[in-house]
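Enquirer: Quick one: structure below, then a few questions.
The values are calculated or read from the model by the stated rules, or taken from the named source; none is laboratory data. Treat the numbers as computed from the prediction; the structure is a model and nothing was measured. FYI the Cβ positions are ideal-geometry reconstructions off the backbone, even for glycines, and counts take in every protein chain you see.
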There are 2 protein chains.
Amino acid sequence: MAAIGRQVFNTLTYQVKHGIYLNTVRAFSSPSTFKYADLTVEQTKSPQAKPTPDKLLFGHHFTDHMLEVDWTSKNGWGKPHISPLHNLSFHPAAKVLHYGIELFEGMKAYMGVDGKIRLFRPMENMKRMNKTAKRCDLPTFDGEELISCIKKLILIDREWVPKAENSSLYIRPTLIGNDPTLGVSKSQQALLFVIVGPVGSYFTTGLEPVTLMADPKYVRAWPGGCGSYKMGSNYAPTIEVQSNAVKAKCQQVLWLYGEDHQLTEVGTMNLFMYWTNEEGVDELITHPLDGLVLPGVTRSSLIKLAEEWGEFKVTEKPYGMKEVVKALKENRVKEIFGAGTACVVCPVKEIVYEGEVLQIPAVGQPKLSMRFFKELTDIQFGRKPSDMVEIVE
Amino acid sequence: MAAIGRQVFNTLTYQVKHGIYLNTVRAFSSPSTFKYADLTVEQTKSPQAKPTPDKLLFGHHFTDHMLEVDWTSKNGWGKPHISPLHNLSFHPAAKVLHYGIELFEGMKAYMGVDGKIRLFRPMENMKRMNKTAKRCDLPTFDGEELISCIKKLILIDREWVPKAENSSLYIRPTLIGNDPTLGVSKSQQALLFVIVGPVGSYFTTGLEPVTLMADPKYVRAWPGGCGSYKMGSNYAPTIEVQSNAVKAKCQQVLWLYGEDHQLTEVGTMNLFMYWTNEEGVDELITHPLDGLVLPGVTRSSLIKLAEEWGEFKVTEKPYGMKEVVKALKENRVKEIFGAGTACVVCPVKEIVYEGEVLQIPAVGQPKLSMRFFKELTDIQFGRKPSDMVEIVE
């Protein structure tokens, strides 16, 4: 794609030099990415009231504007457009409604203590989004261009970025195949859109530890499948299981895999265990990127932080319930916690497994997860110098 | 659900007897199904031109009308409504666009040689649709009521039912979760809609045998997943694989499972092999309903037919590529074919597997698959008395 991009650029340079219309060039070259430089903006005439920061239910509030870019296999990417938040209209045969041809990302913009708005490692999301697009046979694009468009969207709706502690502006880039024909095949049309909305602290009472339902009967991902891509199709099969977990008085599902009941993910988060391993060494362990788990941005950030600290071993390898149960009996488990964009970290207090309720010791004082939470939120809210990407006019 | 239905009915009977408003009762009881009796119809004022029967590309043509029924967790099912075919409008946060909360069915209406229009075992599709709805945490309904509504839709668009040989009216009942909020949880809103459209013979030149790509690297379904439900999420992961198959000059993907490379499905069809087994017995074999394959209506129809004939053994059990390769070498494979609503049967001529092209012998004279095809289409097109469901005013 980089080569194609360069070729288009050279063609453009040549044609602009020689006074040939840009539009003709674009239609001819079927652009392999859209461009921030082509962005058009239509401002709302009826701004909505903003919700009060203490009543921010996740995913229920959206700002006044959204971003859209069309794609067709014939003409490539169109021009990005920001307009007032509106409903999307699809032919009832649109492939996205039948075959789940859809993917998304979850990111956040943070209002720093210095009043500056920042993004947390946005190119990580762009890389993953393009990988997932490829796996869905949907078009890829230059992530830098989308980030530039998203920055503009956030600047337009900057008053919506919450100033309250641990609140942020959630960003949902989405790519769907809206080809209006039935038949399980590549979508010849696509729509990329981004909606954003204020979200509060994930848990109403801070880092409240959760109880997990671990039932090996349900399997989220498997070798040869798409568990490591952020495709919509990974989520529909989990809805009924999550409802069952709630009925069983658990908050989340612990996804197990294989005969040894490997701990892979929790709800929609990566999972970490901090323990003293069989060799007596303090270790932070998480399932490796073997296709069964999502390569989370928070996951990689925590691993990087822990490696920088160098205070304990950091290991990416499968670990099963048998090892966890044994370690719990031998008092070797320090903490278990989920990690994701929504909550940063999410301590686990109990696992309901094979008729037993396993108590995870660190309830009340989840030291390592708290340290991770403080470190990452210090970076995100600008309390610490970092690689955060500032959004400026 | 039957018990709830009866209870509502008794309540209704009581309240109608005592002169209490029906609307109040309905709002109060959150109906567990919609009713054909409530169906309203809005006819189109601008009927479209019908495509010529020889140019019917699958999934590209739709009739003048569609059916819709709304559902909310608060009010239950609304009233079914038939109206001119139109685009659907969703909030950009609608769960169906992010988490693949969607399912469908594929059925057909046939114009019989006697000029009567018939459905093929429609309640089989309704049973499967309700099972899938439950697995998606979407609302269930009384299948008889939906079939009555679909019959009405087909009667309104009866001129669209093709009269050409092996052509039919494809019916696509679809159920999606359109709750306008982000967050991986049960959709509190749903839309059931049905679109229908004329389709031709699946293959342009009759029962043209296909070449399959069999690559164990890709796995369609797995134990603990949703492979036996007709959910949209089963299809998105197959799109890129199917594109790869086409690039490798194959027509379809043969989905393998497990270390023994079990033959599970082909493309979006069930798979059958007719062979002389290791014991020297003629046998029709297909993967069992163990969660890895879709319980196809054509699949069960072929099994039933073969059992009625009683001429060879019929077996539902897993079989692997090793057995197939060995049987091919020993000249024991008679035929391999797919089976589904779209094509009835689809003979296989070659399997590309581990760098080899395996030739399936029955090319040119696929006797059993041809016999199945004739028997089933004789039933479907009314050339033979059967359990077909006639559509009458």
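Enquirer: Being more than 8 Å from every other protein chain (Cβ to nearest Cβ) and of a type in the set (A, V, I, L, M, F, W, C) is the filter here; which residues of the range B:172-204 pass it?
Expert: The answer is B:175, B:190, B:191, B:192, B:194, B:196, B:199, B:203.
Enquirer: Another question, if that's okay. Report the residue count in the range A:225-259 for those that are in a loop (DSSP other than H, G, I, E, B) and closer than 26 Å to residue A:97 by Cβ. First the steps, then the outcome.
Expert: From the range A:225-259, those in a loop (DSSP other than H, G, I, E, B) are A:225-230, A:235, A:248-251, A:258-259; that's our starting set.
Retained after the next criterion (residues that are closer than 26 Å to residue A:97 by Cβ): A:225-230, A:235.
The qualifying residues number 7.
Enquirer: Residue by residue through the range B:172-193, note down the ones that are of a type in the set (A, V, I, L, M, F, W, C) and crowded, with 21+ Cβ neighbours inside 10 Å.
Expert: Kept after step one, since they are of a type in the set (A, V, I, L, M, F, W, C), are these residues of the range B:172-193: B:175-176, B:182, B:184, B:190-193.
The answer is B:175, B:176, B:182, B:190, B:191, B:192.
Enquirer: If we scan the range A:40-49, do we find a residue that is within 24 Å of the chain's Cα centre (by Cα), assigned by TED's automatic domain parsing to the domain that holds residue A:133 and touching a residue at least 60 places away in the same chain (Cβ under 8 Å)? Walk me through it before giving the result.
Expert: Pass one, the range A:40-49, residues within 24 Å of the chain's Cα centre (by Cα): none.
No, every residue in the range A:40-49 fails to be within 24 Å of the chain's Cα centre (by Cα), assigned by TED's automatic domain parsing to the domain that holds residue A:133 and touching a residue at least 60 places away in the same chain (Cβ under 8 Å).
Enquirer: Still on this structure: Would the range B:342-351 turn up any residue that is in contact with a Gly (Cβ under 8 Å, 6 or more places away or on another chain) and over 19 Å from residue B:166 (Cα atoms)?
Expert: yes
Enquirer: Follow-up. On the given criteria, is residue A:344 at negative phi and of a type outside the set (Lys, Arg)?
Expert: Values: at negative phi: no; of a type outside the set (Lys, Arg): yes.
No; evaluated as a whole, the condition is false for this residue.
The rows are residues; the columns are (1) modelled with pLDDT under 95; (2) within 18 Å of residue B:249 (Cβ to Cβ); (3) not in a strand (DSSP E or B).
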| site | (1), (2), (3) |
| --- | --- |
| B:315 | no, no, no |
| B:324 | no, no, yes |
| B:328 | no, no, yes |
| B:339 | no, no, no |
| B:351 | no, yes, no |
| B:357 | no, yes, no |
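Enquirer: Please verify whether residue B:335 is of a type in the set (Asp, Glu) and crowded, with 21+ Cβ neighbours inside 10 Å, treating the condition exactly as stated.
Expert: yes
Enquirer: Suppose we filter the range B:119-138 for residues that are surrounded by fewer than 21 Cβ atoms within 10 Å (Cβ to Cβ) and more than 14 Å from chain A (Cβ to nearest Cβ); how many remain?
Expert: Residues meeting the conditions: 5.
Enquirer: May I ask you to say which residue of A:307, A:323 is among the charged types (D, E, K, R) and crowded, with 21+ Cβ neighbours inside 10 Å?
Expert: Values: A:307 fails: crowded, with 21+ Cβ neighbours inside 10 Å.
Among A:307, A:323, only A:323 is among the charged types (D, E, K, R) and crowded, with 21+ Cβ neighbours inside 10 Å.
Enquirer: Taking residue B:170 as meeting all but one of (1) under 16 Å from the mean Cα position of the chain (by Cα); (2) at pLDDT below 95; (3) of a type outside the set (Gly, Ala, Ser), write down the number of the exception.
Expert: (2)
Enquirer: While we're looking at this one, here's another question. Answer yes if at least one residue in the range A:223-231 is basic (Lys, Arg) and either within 24 Å of residue B:244 (Cβ to Cβ) or modelled with pLDDT of 95 or more (or both), and no otherwise.
Expert: Taking the range A:223-231 first, the residues basic (Lys, Arg) are A:230.
When the remaining residues are screened for being either within 24 Å of residue B:244 (Cβ to Cβ) or modelled with pLDDT of 95 or more (or both), the result is A:230.
Looking through the range A:223-231, at least one residue is basic (Lys, Arg) and either within 24 Å of residue B:244 (Cβ to Cβ) or modelled with pLDDT of 95 or more (or both).
Enquirer: Is it the case that some residue within the range B:122-133 is more than 18 Å from the chain's Cα centre (by Cα) and over 22 Å from residue B:233 (Cβ atoms)? Spell out how you get there, then give the answer.
Expert: Step one: list which residues in the range B:122-133 are more than 18 Å from the chain's Cα centre (by Cα), which gives none.
Scanning the range B:122-133, I find no residue that is more than 18 Å from the chain's Cα centre (by Cα) and over 22 Å from residue B:233 (Cβ atoms), so the answer is no.
Enquirer: Within the range A:205-226, which residues are more than 8 Å from chain B (Cβ to nearest Cβ) and touching a helix residue (DSSP H, G or I) at 6+ places or on another chain (Cβ under 6 Å)? Explain how you work it out, then say what you get.
Expert: Looking only at the range A:205-226, we keep the residues that are more than 8 Å from chain B (Cβ to nearest Cβ), and these are A:205-215, A:220-221.
Selection gives A:213 alone.
Enquirer: Same structure, new question: Please count how many residues of the range A:53-83 are within 12 Å of chain B (Cβ to nearest Cβ) and touching a strand residue (DSSP E or B) at 6+ places or on another chain (Cβ under 6 Å).
Expert: So the count comes out to 8.
Enquirer: Now for a different question. What are the residue pairs meeting all of these: first residue in the range B:225-247, first residue over 15 Å from residue A:231 (Cβ atoms), second residue β-branched (Val, Ile, Thr) and part of a helix (DSSP H, G or I), Cβ atoms under 7 Å, and 6 or more apart or on different chains?
Expert: That search, which allows pairs on different chains as well, returns B:229/B:132; B:230/B:132.
Enquirer: Let me ask something else about it. On the basis of being more than 14 Å from chain B (Cβ to nearest Cβ), part of a strand (DSSP E or B) and on the phi < 0 side of the Ramachandran plot, does residue A:305 make the cut? Working first, answer last.
Expert: Numbers: more than 14 Å from chain B (Cβ to nearest Cβ): yes; part of a strand (DSSP E or B): no; on the phi < 0 side of the Ramachandran plot: yes.
Judged against the criteria, residue A:305 is not a match.
Enquirer: Check off (1) more than 14 Å from chain B (Cβ to nearest Cβ); (2) surrounded by fewer than 18 Cβ atoms within 10 Å (Cβ to Cβ) for residue A:145 and give me the number that stays unchecked.
Expert: All conditions pass for residue A:145, except number (2).
Enquirer: Do we find a residue being more than 14 Å from chain A (Cβ to nearest Cβ) and within 26 Å of residue A:258 (Cα to Cα) anywhere in the range B:280-287?
Expert: At the first step, the residues of the range B:280-287 found to be more than 14 Å from chain A (Cβ to nearest Cβ) are B:280-287.
From the residues that got through so far, the ones that are within 26 Å of residue A:258 (Cα to Cα) too are B:286-287.
Yes.
Enquirer: Let me ask another. Within the range A:256-277, track down each residue that is in contact (Cβ under 8 Å) with a residue 24 or more places away in the chain, within 12 Å of chain B (Cβ to nearest Cβ) and more than 18 Å from the chain's Cα centre (by Cα).
Expert: Those that are in contact (Cβ under 8 Å) with a residue 24 or more places away in the chain, within 12 Å of chain B (Cβ to nearest Cβ) and more than 18 Å from the chain's Cα centre (by Cα): A:256, A:257, A:258, A:261.
Enquirer: With the range B:135-222 as the region, which strands (runs of 3 or more DSSP E) entirely inside it contain at least 3 residues that are over 28 Å from residue B:41 (Cα atoms)?
Expert: Working: elements: B:168-177, B:189-199, B:210-214.
Where strands (runs of 3 or more DSSP E) fall fully within the range B:135-222 and carry at least 3 residues being over 28 Å from residue B:41 (Cα atoms), they are B:210-214.
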